[in-house]
Amino acid sequence: MCSGSILFKPRLPLSRKRLGSGLGECILSGIMSVNGKKVLHMDRNPYYGGESASITPLEDLYKRFKIPGAPPASMGRGRDWNVDLIPKFLMANGQLVKMLLFTEVTRYLDFKVTEGSFVYKGGKIYKVPSTEAEALASSLMGLFEKRRFRKFLVYVANFDENDPRTFEGIDPKKTSMREVYKKFDLGQDVIDFTGHALALYRTDDYLDQPCCETINRIKLYSESLARYGKSPYLYPLYGLGELPQGFARLSAIYGGTYMLNKPIEEIIMQNGKVIGVKSEGEIARCKQLICDPSYVKDRVEKVGQVIRVICILSHPIKNTNDANSCQIIIPQNQVNRKSDIYVCMISSAHNVAAQGKYIAIASTTVETKEPEKEIRPALELLEPIEQKFVSISDLLVPKDLGTESQIFISRTYDATTHFETTCDDIKDIYKRMMGSEFDFEEMKRKKNDIYGED
């Protein structure tokens, strides 16, 4: 691997450059390195992960949120904590797990299955039914509704968008999801948890879209659940900060270079295109640049805000069968909102908290001038709360595709508690940079060309 001093010689040709070590930037640097591109990865922070970092020790979290004083002795040792700033779970059969498996970044990480997935209805929380057996046993629905929902799940399980024999009179490219629900005579509460807790939509906009994507999303949930049984979600031991580090190691194996604690002074442009980045008086040349919005504030626009509340608890969440990890989705209609509220909880079982302690993070898209009031339904489920850390972040998106400037900007993280939307953004950036769709199998073949088959 080249040393930092060589990389920063003026006019050194680099094909790809990344600013920020958030998960998206790290995954892309790993993928580009496997594809044979020269990659230099810089971050102004002294740690990996950017805004999705895991903060340790606990004292650093108190300082970050300007909480006066030190954590009380009841919190245990500070170094036993790894607190995610933006918590998310991985779908067991989802895109990020496929990226981890195909790149073999799994060799650097250990995962644990999340113990349960729950949905909020009428002030209470219920286990999300996603199999025929669970549907029939669930207290979320009445007897006749259970039978109708079971029929719907059987239809979804058999559905194959490439086999018209499985359509049963539904056109997946034209029939709306609203019409599908009507065909199976499903009530509003069932529609709520199907769209938001199984298909994982944040709003009800999907109802009037063609049903194919929604059916495939429900299939993904069911297939992810089938892999491990308890829930469809996985979470890495020691926190999400392990993920960007894993992809950073992958990039390093293929010749990529990482530099933390590097202040970025200027992005150098020529004729409207990026040609380099200036740091500490020296310029590293590049043909393309990937960065998060914090490095190019003039090239992004605000499209909303997300509130996140990190809560430290000394108990599992009520009505979750004492689960040491779980997700709770509060569908928008249940609390008269336009977007869902999410809760994701992990604990000392994942090596992210002191023994007997739990970390629950509530998040939602801000809709009013009183965001803390908006998230109250989630916090009420968590009481009593030992300590809260509240943050409100802007949702930022790039103003253009980056094809002219060759500056490709990632989106900030949304309120969801899974990585599917982040992976969509990664694949979108890849397509804009490379001019072709991201192909898992192609990446696997390129890796085998270098190291050979196992």
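Computed quantities for the displayed model
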| read-out | value |
| --- | --- |
| Angle in degrees between helix 23-34 and the longest Cα principal axis of the chain, rounded to the nearest 10 | 60 |
| Whichever aspartates and glutamates have a C-alpha closer than 20 Å to that of Lys278, once near sequence neighbours (fewer than 8 apart) are set aside | Glu25, Asp43, Glu265, Glu266, Asp292, Asp298 |
| Accessible carbon and sulfur surface of region 128-227 relative to its total accessible area, %, 1.4 Å | 48 |
| DSSP-assigned coil residues among GluC sites (Glu not before Pro) in region 255-357, each with at most 15 further Cβ atoms within 10 Å | Glu265, Glu280 |
| Cα-based helix-to-principal-axis angle, 440-451 vs the chain, degrees rounded to 10 | 40 |
| Sparsely packed trypsin sites (Lys or Arg not before Pro) within region 25-77, loop by DSSP, other Cβ within 10 Å at most 13 | Lys66, Arg77 |
| Share, in percent, of DSSP beta bridges within the chain that are antiparallel, nearest 5 | 75 |
| Binned Cα-Cα distance frequencies in region 128-227 - 10 Å width, integer % | 16, 53, 30, 1 |
| Probe 1.4 Å, protein heavy atoms only - accessible area per residue of the chain in square angstrom | 44 |
| Computed label-point distance, nm, for sites Asn216 and Glu370 using a 7 Å Cα→Cβ extension | 4.2 |
| Vicinal HN-Hα couplings computed from phi for region 50-57 (Karplus, 6.51 cos²θ - 1.76 cosθ + 1.60; Hz; Gly/Pro x) | x, 6, 9, 6, 9, 9, 8, x |
| Carbon/sulfur fraction of accessible area - region 234-279, other protein chains in place, 1.4 Å, % | 45 |
| C-alpha center-to-center spacing [region 168-236, region 62-128] in angstrom | 24 |
| Inter-site label distance for Lys273 and Thr203 at 7 Å from Cα along Cβ, in nm | 3.7 |
| The chain, relative contact order in percent, only Cα pairs under 8 angstrom and at least six apart counted | 24 |
| Computed FRET value (nearest 0.05) for Glu386 with Ala157, which takes r as the C-beta separation and R₀ as 30 Å | 0.10 |
| Dipole axis of the chain (+1 Lys, Arg; -1 Asp, Glu on Cβ), positive-most option in Gly142, Ile218, Ile346 | Ile346 |
| Efficiency of FRET between Lys63 and Asp322 - r from beta-carbon atoms, R0 30 angstrom, step 0.05 | 0.40 |
| Cleavage-rule hits, trypsin sites (Lys or Arg not before Pro), region 262-352, DSSP coil, Cβ neighbours within 10 Å at most 15 | Lys318, Lys338 |
| Inter-probe distance in nm under a simple model that places probes 7 Å from Cα toward Cβ, at Val397 and Arg432 | 1.1 |
| Alpha-carbon radius of gyration plus Dmax, which is the widest Cα pair, for the chain in Å | 22.7, 72 |
| Normalised contact order of region 128-227, rounded percent, pairs of Cα under 8 Å and 6 or more residues apart | 30 |
| Under 28 Å from Lys273, Cα to Cα: lysines that are on another chain or at least 8 residues apart | Lys9, Lys17, Lys37, Lys38, Lys262, Lys287, Lys297, Lys302, Lys399, Lys427, Lys431 |
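The values are calculated or read from the model by the stated rules, or taken from the named source; none is laboratory data. All values derive from a computational prediction rather than experimental measurement. With ideal geometry, Cβ positions are generated from the backbone for all residues, glycine too; neighbour counts draw on all protein chains shown. Side chains are part of the model used for accessible areas, which takes the heavy atoms of the whole protein and leaves out ligands, DNA and RNA. Shrake-Rupley method; radii C 1.70, N 1.55, O 1.52, S 1.80 Å.
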